[in-house]
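Notes follow once the structure below has been shown.
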Amino acid sequence: MSWLDIKALGIADGPGASPWNVSVHVDDGFGHELTSPAVTLTVTNVDPTATFQVPATTTEGGSFVIGFSNPFDPVGADVAAGFLYSYDLNNDGDFADPNDLLNVPQASYTVSFAQNGNYTVRGRIQDKDGGYTDYTGSILITNAAPTATFAIGVAARSTKATRCRWSLWIHSTRL
Ligand SMILES: [Ca+2]
Ligand SMILES: [Ca+2]
Ligand SMILES: [Ca+2]
C-alpha cells in the first residue's frame, strides 16, 4: 500500500485522527477473500517552512519591515487553514514581550529600533497543528548623525556713515 493509496483514503493531514488502524481486504472475485490484521498508522505533521527576511542594515529611528515569503507546507489542509506568524524582536525565545507579536496572521511586521547597534530578531511560522519553524535574522542599525539648521542674522545700526555698530546672533536647532 503506497502513500498515494493512503491519501486516497482521506488520510493525508497529520496528525489528524492518528493513530489509524489500517487493514487490507483482498477479494479476487472468485470467492476468495482475505483481510489482513490491522496495523497502526501514525501520520505525523510536517512543520511549515518559509523564507524569513530581515534587512541587513538601516538607520536608527527609522522603520523597516521584517517578514516571511514563500510559506510552504506539504499538506493542502494546513495551507488552506493559513499560517500564524510570531515575531520576537529581542530574540529571547519569548514572543510576548512588548513590541513582540504572537500568532498573528500577518506575514510582515514594520518595526523600528531607537538606538543603533546590531540586533538579532526571531520569526516563527506555525501551521494549524502547532508545527512550526523558527528563523533568525540580524540587522545593523547605524547611528544617525545629528543634523542642525543654522540661521545667521546681521543687523547694522549707524548714525554716521563712518561709525557702525554690529549685532550678530546665531540660532541653531538640533533635530
Ligand atoms: Ca497537518
Ligand atoms: Ca503541516
Ligand atoms: Ca522577545
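Computed from the coordinates by the stated procedures, all read-outs in this text should not be read as laboratory data. Source: prediction; values computed, not measured. In this analysis, Cβ positions are derived from the backbone assuming ideal geometry, glycine residues included, and neighbour counts consider all displayed protein chains.
Under the classification rounded if a/c is under 1.5, otherwise prolate if a/b is larger than b/c and oblate if not, where does the range 49-142 fall, given a ≥ b ≥ c as square roots of the Cα gyration tensor eigenvalues?
Prolate, because a/c is 1.5 or more and a/b exceeds b/c.
So what is the relative contact order for the range 108-148, in percent, with contacts set as C-alpha pairs under 8 Å and at least six apart?
Normalised by residue count, the contact order of the range 108-148 is 43 percent.
Which residues in the range 38-82 place their backbone N less than 12 Å from a point set 7 Å from the Cα of S108 along the Cα-to-Cβ direction?
Correct set: 53-55, 64-70.
Expressed as a rounded percentage, what relative contact order does the chain have, with Cα pairs under 8 Å and six or more residues apart?
In percent, rounded to a whole number, it is 19.
Counting Lys and Arg as +1 and Asp and Glu as -1, what is the net charge of the other residues whose Cβ lies under 10 Å from the Cβ of Y132?
-3
With the dipole of the chain worked out from charges on the C-beta (+1 for Lys and Arg, -1 for Asp and Glu) around the Cα centre, which of T59, P146, I125 lies farthest toward the positive end?
It is P146.
Enumerate the calculated ³J(HN,Hα) couplings along the range 58-68 in order (Karplus 6.51 cos²θ - 1.76 cosθ + 1.60, θ = phi - 60°), each rounded to whole Hz, writing x wherever the residue is Gly or Pro.
So the Karplus estimates, Gly and Pro as x, are 7, 9, 4, x, x, 9, 8, 10, 10, x, 10 Hz.
For the chain, what does the alpha-carbon gyration tensor say about shape, rounded, prolate or oblate, given a ≥ b ≥ c as the root eigenvalues, a/c under 1.5 as rounded, and a/b over b/c as prolate?
prolate
What is the Cα centroid distance between the range 1-55 and the range 82-135, reported in whole angstrom?
The range 1-55 and the range 82-135 have Cα centres spaced 34 Å from each other.
Applying a 10 Å radius around every beta-carbon, put 1-7, 115-121 in order of their mean neighbour count, most first.
The peptides rank, most packed first, as 115-121, 1-7.
What 222 nm value per residue comes from the helices of the chain, counting each DSSP H run with n ≥ 4 as -39,500 (n - 2.57) and dividing by all residues, nearest 500 deg cm²/dmol?
For the chain, the value works out to -1500 deg cm²/dmol.
Sum up the charges of everything whose Cβ sits under 13 Å from the Cβ of N103, counting Lys and Arg as +1 and Asp and Glu as -1, but leave N103 out.
Local charge sum for N103: -1.
With unit charges on the beta carbons (Lys and Arg positive, Asp and Glu negative) and the dipole taken about the Cα centre of the range 49-142, which residue among S108, F95, A77 sits farthest to the positive side?
After comparing all options, I get S108.
Quick one: which of 15-23, 63-71 comes out on top by average Cβ neighbours within 10 Å, and what's the full order, highest first?
63-71, 15-23
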